[in-house]
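Encoded as structure tokens, the structure appears first; notes follow it.
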Amino acid sequence: MMYNNIFDTHAHYDDERFSEDSEELLSSLEYKGITGVISCGVNAESSKANLRLAEKYPFIYAAVGYHGLNTEDLTDDYIEFLKDLIKNEKVVAIGEIGLDYHYEKETRDIQLKIFREQIELANEYDLPVIVHDREAHEDTLNILKELKPKGVIHCFTGSVEMAKEIVKIGMYIGLGGAVTFKNAVKPVEVAKFVPADRLLVETDCPYMTPVPHRGKRNDSSLIPYTAEKIAEVRGVTAQEILDLTAENARELFCISNKC
Ligand code: NI
């Protein structure tokens, strides 16, 4: 399979699992049809690391922010720190931010606080947000309905009903390797429902590796497996999915004068 115009809207190329061959891997991506990647920070250190990658590789863009579970290097003036980073034109979004209720219940207050504050920051600068929502659908939806940011729910795990609400706010739905998993029900229903102009594809690499490579490290060159599955349920070609999601990504993240 040879595809082009692949836009991976959610990666973590600063992850230590890429440290050994980062240079080799990232330089090879353009020859594998990848035209764009958003590499996302989860705290101060990784936001800076992803920005360095974005400055080095023309097709990589950075998202900066604090994930709800990654508050270890959070400071009182973290919003000022983020304002400083977003002066750089390779920063195209605030993310990865959001709520994760799978782990420690006692962190919910701080998770909710920084989620709201970072959405307000994004709104102030007219930037999209990249939202993580794990087992926190209700709070996520309520906050998004209230603050109405531009952006995407990445690795969407909610129901079609929730997807409808997200689309109504004007936000995008990011789908990744989970649609290829054998037990996938909801992601497949969502893949069928999402309006063409609200769909994005992503890896969340090094995690969420699509079938048939589950268990191995993920990277942007494996997106075609996800696109093929989405294409199958929508009755179109995988290249059509790649083209429309790349177009949507450029629009949302304001890349190549698409906005
Ligand atoms: Ni992620």
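The values are calculated or read from the model by the stated rules, or taken from the named source; none is laboratory data. A quick note: this is a predicted structure, and the numbers were derived from the prediction, not measured. With ideal geometry, Cβ positions are generated from the backbone for all residues, glycine too; neighbour counts draw on all protein chains shown. Calculation scope for accessible area: heavy atoms of the full protein, side chains included, ligands and nucleic acids excluded. Shrake-Rupley method; radii C 1.70, N 1.55, O 1.52, S 1.80 Å.
Points to keep in mind about this one:
- Segments 226-234, 60-68 sorted - mean Cβ within 10 Å per residue, highest first: 60-68, 226-234
- The solvent-accessible area of T237, taken with every protein chain present and a 1.4 Å probe, is close to 70 Å².
- Mean-square fluctuations from a GNM of the chain, with a 10 angstrom spring cutoff on Cα atoms, peak among G177, G33, G151 at G33.
- Projecting the Cα atoms of I86, C155, I97 onto the charge dipole of the range 58-158 (Cβ charges, centred on the Cα centre) puts C155 farthest toward the positive pole.
- Each Cα pair under 8 Å and six or more residues apart adds its sequence gap; the mean of these over the residue count of the range 128-215 is a relative contact order of 27 percent.
- Rounded to the nearest 10 square angstrom, M2 shows an accessible area of 150 square angstrom against a 1.4 Å probe.
- As a length-normalised measure over Cα pairs under 8 Å and 6 or more apart, the relative contact order of the range 119-178 settles at 34 percent.
- Note on T157 and N123: the extension gain reaches 9.8 nm, defined as 0.36 nm multiplied by sequence separation minus the Cα-Cα distance.
- Of the trypsin sites (Lys or Arg not before Pro) found in the range 180-209, the ones in coil according to DSSP and having at most 14 other Cβ atoms within 10 Å of their Cβ are K182.
- Relative contact order (percent, whole number), the chain, Cα cutoff 8 Å, 6+ residue spacing: 18
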